[in-house]
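To keep things clear, I will list the structure first and then write my remarks on it.
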Amino acid sequence: MNSIKGLNRSTVLQYAVLIFLALIALGPIIVMFLTSFKTQVDIMSSESMWVFQPTFDNYTHVFENKFDLFLRNSIIVSLASTLLSLLVAGMAAYALSRLEFPGRSPIAYFTLIIRMVPPAVLAIPIFILWLNWELFLFDLIDATPFLYEMENPDPYLFAESLVDGRIGLTLFYTALNLPFAIWLLIGFLRQIPTEIEEAAIVDGCSQWQVFTRIIFPLMRPGLAVAAIFTFRISWNEFLLALVLTDRNTRTLPVGITLFLTEQGVQWGRIMAMGTLIVIPPLVLTFVAARQIIAGMTAGAVKG
Amino acid sequence: MSSSFKIRQIRIAYLFLLPAIIVFTLGLVVPLINTFELSFNRLSMGSRWSDRDYVGLDNYERMIEDDHVRSSVGVTLRFAAIVLVAELVIGMGLALLLEKPIKGAAVFRTIFILPLMVSPVAVGLIWRYLLDGRIGLINHYLGQIGIPAQTWLGDPNLAFFSIVITDIWQWTPFIFIILLAGLQALPAEVLEASRIDGANWWQMTFLIKVPMLRSILLVTVLMRLIDVFRALEVIFIMTFGGPGRSTQVMSLHIYKTAFTSQTLGYASTIAVVLMFIMLVLSLFLLLFSNPLKERADF
C-alpha cells in the first residue's frame with residue numbers, strides 16, 4: 001500500500017518534471033511561431049504578449065521578398081548534397097568494411113579525424129578558391145580569341161554559371177557530411193551478414209552488382225539516418241552559404257538575416273521566415289525521432 | 001594468378017573509394033592546404049591567389065602578441081568550461097531523475113531533440129528576440145517579479161551570460177539523451193547485486209552508476225568541446241562577438257579577421273592554430289571512443 005503510493009508520487013513527479021522541461025524546450029519555438037502572426041505594434045507592446053489579433057502580413061511580406069528563390073536554392077543544395085553524400089558514403093563504407101586493400105586503415109582514420117574541421121576555417125580558402133576559379137575562367141576566355149569574340153552564347157555568362165555558389169555549397173556540404181555518413185554506414189554494414197554477398201559472388205555477380213543490388217538496399221535503415229543528419233546540416237548551414245552565395249544563389253538561413261537591417265530588426269518577418277525554415281527539420285523530428293536519437297547516441301554509447 | 005586477382009581486388013576497392021577521395025580532396029584537403037600555405041602570406045580581400053605576398057613567420061609572430069587572439073581563446077575556454085559543467089550537471093541530473101522507463105517517454109524525447117534540429121540561425125534570432133532589452137519576453141517576465149529590465153545583449157557580462165543560457169537550452173537535451181541511453185544500457189546484474197548488498201540511492205548513483213558511465217561522460221565532453229570550438233552561428237547572430245570582445249569566440253574571431261578586417265592571410269594563421277586544437281581534441285576522442293576498434297584489423 002505504502003509502496004504503491006510512493007510509486008505513484010514518484011511517477012507524478014517524473015511527469016511534472018518532464019512537462020516542465022518540454023515547456024522550456026518548446027517555449028522559444030512557440031514564441032517564434034506566435035510572434036510570426038503579430039503586427040509590429042503588437043510586438044512592441046507588452047499587453048499583447050499571448051492574446052492578439054493574428055495577421056498574415058509577415059508571411060505575405062516574406063513571400064513577396066524572394067522567399068521562393070531562397071527556398072529553391074536551399075532545396076537544390078540540401079537535396080543534391082544529401083543524395084551525393086549517401087551514394088558516395090555508401091560506396092566508401094562498402095569498400096572500407098567489406099574489401100581488403102592496402103591503405104584501408106589510414107583512410108578510415110583520416111575520415112574520422114577530418115570531420116572536426118570548423119566551418120570558419122574552411123570559409124577562408126573556400127572564398128578564395130571560388131573567387132579565383134571565376135578569375136581563372138575569365139582569364140581563359142580573355143586569352144582565347146574565338147571565345148573572347150563570341151557573343152551568342154555568351155562565354156562569360158557560361159563561366160558565371162560554373163562558379164554558381166550552389167555548386168560549391170553542394171561540394172563542401174557533401175565533404176563535411178561524408179565522414180559521419182561513412183562512419184554510420186560502416187556500423188550498419190557490420191550488422192549485415194556477409195553470406196548473401198558471398199553467395200552472389202559465387203553466382204557470378206560483380207562487386208558493383210553486389211553493391212547496387214544487395215548492399216545498398218540492405219543499408220536502407222542506415223541510409224535513412226544518414227540522410228536525416230546530412231539534410232539537417234545542409235538545410236541549416238549558414239556560414240559557408242554566407243561566404244559563397246550572392247543575391248541569386250542565397251539559401252534560406254542567409255536570406256533570413258536580410259531582415260536584420262541597419263534601420264532596425266523586422267521581428268515579425270524574421271519570425272515568419274524562421275517558422276518556415278524550421279518546418280522541415282521539425283517534421284523530420286516528429287517522423288523519425290527514433291532514428292535521430294540512434295544517430296546521436298551512436299558515437300558515445302555502444303549498443 | 002593469385003597476385004593478379006589481388007591487384008584486381010585492390011583496384012575495385014579504390015574504385016569504390018574514388019568518389020569519396022575526390023570529394024574529400026576538393027572539398028577539404030585542398031582548402032586546408034591552402035589555409036596552411038596562406039598562413040605564411042599576406043593576402044587582402046578580393047586579390048588573386050597569385051598576388052599573395054610571402055611574409056615568412058610574420059603572421060605567427062604577430063599572433064603571439066595579439067591581445068585579440070588571446071582574448072578570443074580565453075572567451076572560448078571560459079564559455080566551454082561553463083556550458084560543459086552546466087550541461088553535464090543538468091543533463092546528468094535529469095537522466096538520473098527520468099531513468100525509470102515511463103509511458104510516453106518517446107513523445108518527451110522527441111520534444112527534447114527539437115532545439116537540436118532547429119537551424120542555429122533561427123536559434124540565435126529567437127533568443128536575440130527573447131532577450132531584447134525593450135520588447136523581449138525575458139525582461140517582461142522579470143519585470144513582473146520586480147527585477148528591473150536589463151540590456152542583456154548590450155552589457156559584456158550579461159551578453160556572455162546570454163550566449164551561455166542559449167547554449168544550455170540548445171545542447172542540454174543532447175547530453176541528457178546520451179546519458180539516458182547510457183544509464184539504460186548499464187548491466188542490470190550489477191545494479192541488482194548492489195541493491196541486494198543494501199546500497200542506498202546515493203551510493204547507487206555516485207559509487208556505481210556515475211563511475212560506470214565514465215567513458216560515455218568523457219566522450220560526450222569531448223564531442224561537445226569540439227562543437228564549442230567549431231560553432232559560431234548562434235553567437236554570430238546574437239551578438240556578433242560584442243559588446244567589445246566579450247562574446248568573441250575563436251572561430252568568430254577568425255571569421256571577422258578574414259571578412260571584416262579583410263586580412264585573409266592573418267586569419268589563416270589563427271585558423272591553423274584552431275585546426276591544431278581540433279586535431280588534438282579529435283585524437284583524444286579517438287583514443288577513448290574509436291568506432292573502428294571493434295574490428296581488430298583496422
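What to note about this one:
- Matching residues in the stretch B:265-284 - criterion: being over 11 Å from residue A:113 (Cβ atoms), facing another protein chain (nearest Cβ under 7 Å) and in contact (Cβ under 8 Å) with a residue 24 or more places away in the chain: B:268, B:271, B:274
- The set of residues from the stretch B:135-144 being more than 7 Å from every other protein chain (Cβ to nearest Cβ) and of a type in the set (A, V, I, L, M, F, W, C) comprises B:138, B:142.
- Of the residues examined, residue A:298 is one that is closer than 30 Å to residue A:188 by Cβ, in contact (Cβ under 8 Å) with a residue 12 or more places away in the chain and among the hydrophobic types (A, V, I, L, M, F, W, C).
- Inter-residue pairs, beta-carbon under 7 Å, first hydroxyl-bearing (Ser, Thr, Tyr) and in the stretch A:111-127, second crowded, with 20+ Cβ neighbours inside 10 Å, 6+ apart: A:111/A:179; A:111/A:182; A:111/A:183
- Of residues in the stretch A:198-210 being closer than 18 Å to residue B:10 by Cα and of a type outside the set (Ser, Thr, Tyr), the one nearest to the other protein chains (Cβ to nearest Cβ): A:207
- Applying a threshold of 9 Å to beta carbon distances and a minimum spacing of six or more residues, or different chains, the list of pairs starting in the stretch B:9-37 at a residue that is more than 8 Å from every other protein chain (Cβ to nearest Cβ) and on the phi > 0 side of the Ramachandran plot and ending at one that is of a type in the set (A, V, I, L, M, F, W, C) and surrounded by 18 or more Cβ atoms within 10 Å (Cβ to Cβ) is empty.
- 2 or more residues polar (S, T, N, Q): qualifying helices (runs of 4 or more DSSP H) within the stretch A:1-95: A:2-35, A:57-64
Residue-by-condition table, conditions (1) assigned to a helix (DSSP H, G or I); (2) polar (S, T, N, Q); (3) within 31 Å of the chain's Cα centre (by Cα):
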position	(1), (2), (3)
A:153	no, no, no
A:156	yes, no, no
A:169	yes, no, yes
A:180	yes, no, yes
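- Looking across the stretch A:81-101, the residues that are more than 7 Å from every other protein chain (Cβ to nearest Cβ) and of a type outside the set (A, V, I, L, M, F, W, C) come down to A:81, A:82, A:85, A:90, A:97, A:98.
- Of all residues in the stretch B:164-193, those being surrounded by fewer than 16 Cβ atoms within 10 Å (Cβ to Cβ) and of a type in the set (Gly, Ala, Ser) number 3.
- Count of the stretch B:114-134 residues which are surrounded by fewer than 17 Cβ atoms within 10 Å (Cβ to Cβ) and either touching a residue at least 40 places away in the same chain (Cβ under 8 Å) or at the interface with another protein chain (Cβ under 7 Å from one of its Cβ atoms) (or both): 0
Just so you know, all these numbers are worked out from the coordinates, no wet-lab data involved. Keep in mind that what you see is a predicted model, and the values were worked out from it rather than measured. Backbone-built Cβ (ideal geometry, glycine too); neighbour counts: all protein chains shown.
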